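Written out below as structure tokens is the structure these notes cover.
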Amino acid sequence: MLNDKILNFFKRCNDSYVSGEELSGVFGISRTAIWKHIEKLRAEGYEIIASPHLGYRLISVPDRLSEIELRCELKTQVIGKKIYSYKEISSTNDTANSLAASGEKEGTVIIAEYQSRGRGRLGRKWISPREKGAYLSIILRPDILPREVSLITLCSSLAVAKTIREQIGLAAFIKWPNDILINQKKTCGILTELNGETDKINFVIVGIGININTKRELLPEGATSLSVEKGEEISRLKFVKALLENLDKYYKIFNSGKIECIIKEYKKLSVVLDKPVQINYHNQLISGHVVDVDKEGALILRMDSGFNKRVLAGDVVMLR
Ligand code: BTN
């Protein structure tokens, strides 16, 4: 799209003025046509000033999660090397699944400003208010066994919690396996989907939904958002870029085989460790004390009977 090309040109000019004549020469269109594109960019929220002698200058960019803004100076090796951004989508996980099935590369990110059919775990809905949160899915092709896929979820939860702590300064914790809590309320959920056979993974989709600037009245019971907790609007663009960089960092550690580093960091932020919990495990309620998270990401539960039970998936309810 020409608008994107003009934007990239502005970015390469490092905030200095670019004359209409130069733009017209570079893109091979009239100065009037350039002006029309500038108007379109302004309508999208780009602040571009015009001076009769100097030309146009890009002053600020809108807080939109567009491919062009997310890719700008993104310091990652794998995650976000390719980004598909949408104003509206049914579910980023659905699009990611189809793209991955057609051979899309590892690290590709699908992100949307609104989801009409956002999906959560266990068949739940994920409410995705327009331009308030971050709804994204990442295609991964890890060289692991299907039973190790929980580790990808752990890695991703760790990246989200760390980003909230580093960027926003809020004390984010992880409720096993993949809910991110602030003040005991959920601000992010992760839906990991696996495509593979018994002993082989074709691809994994990590779907992340974060309530960023969502107003209190739009949040479901028990949920919160970063802006509600911080008491101010958050730059979603800055946050998501930092998140992609952290996802890249932890995925790299994971691929280098240093799982124990990930688990150690994860355990530090866990709200369930050493706590009494009840788990819905294969439609059966079991309760006990969480004593560990093992190297495959499973929860080790000391049952009331004194025996330890290893739980790989389930819904946890904190008892105290
Ligand atoms: C949960 O806590 O139940 C997981 C919620 C995951 C929501 C995200 S939003 C982006 C991606 N696309 C979806 O349809 N779901 C995930």
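Computed values, structure above
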read-out: Rg followed by Dmax, in Å, when region 120-187 is reduced to its Cα trace; value: 13.5, 37
read-out: Accessible surface, the chain, averaged per residue in Å² (probe 1.4 Å); value: 50 Å²
read-out: Contact order relative to length of region 201-320, as percent, for alpha carbon pairs under 8 angstrom and 6 or more apart; value: 15 percent
read-out: Computed P(r) (all Cα pairs; region 156-262; 5 Å bins; percent); value: 2, 12, 20, 24, 19, 10, 7, 4, 1, 0
read-out: Candidates per trypsin sites (Lys or Arg not before Pro) in region 1-80, loop by DSSP, up to 15 other Cβ within 10 Å; value: 75
read-out: Carbon and sulfur %, accessible surface of the chain computed with the full protein complex present, 1.4 Å; value: 49 percent
read-out: Overall Cα dimensions of region 208-320, principal axis frame, Å, largest first; value: 49, 40, 22
read-out: Rg over Rh, two decimals, the chain (C-alpha only, Kirkwood Rh); value: 1.04
read-out: Neighbour net charge for residue 83 - beta-carbon separation under 11 angstrom, K R +1, D E -1; value: +2
read-out: Alpha-carbon Rg/Rh ratio, for region 1-135, with Rh computed the Kirkwood way; value: 1.06
read-out: The chain: angle of helix 236-255 to the longest principal axis, Cα-based, in degrees nearest 10; value: 50 degrees
read-out: Largest to smallest principal axis extent of the C-alpha atoms in region 268-307, angstrom; value: 27, 19, 17
read-out: Highest-MSF residue in the chain out of 38, 111, 201 [GNM, Cα springs under 10 Å]; value: 38
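The values are calculated or read from the model by the stated rules, or taken from the named source; none is laboratory data. Please read all numbers here as calculations on a predicted model, not as lab measurements. Glycine gets a Cβ as well: all are built from the backbone with ideal geometry, and neighbour counts include every protein chain shown. The accessibility values were calculated without ligands, DNA or RNA, using every heavy atom of the protein model including side chains. Shrake-Rupley method; radii C 1.70, N 1.55, O 1.52, S 1.80 Å.
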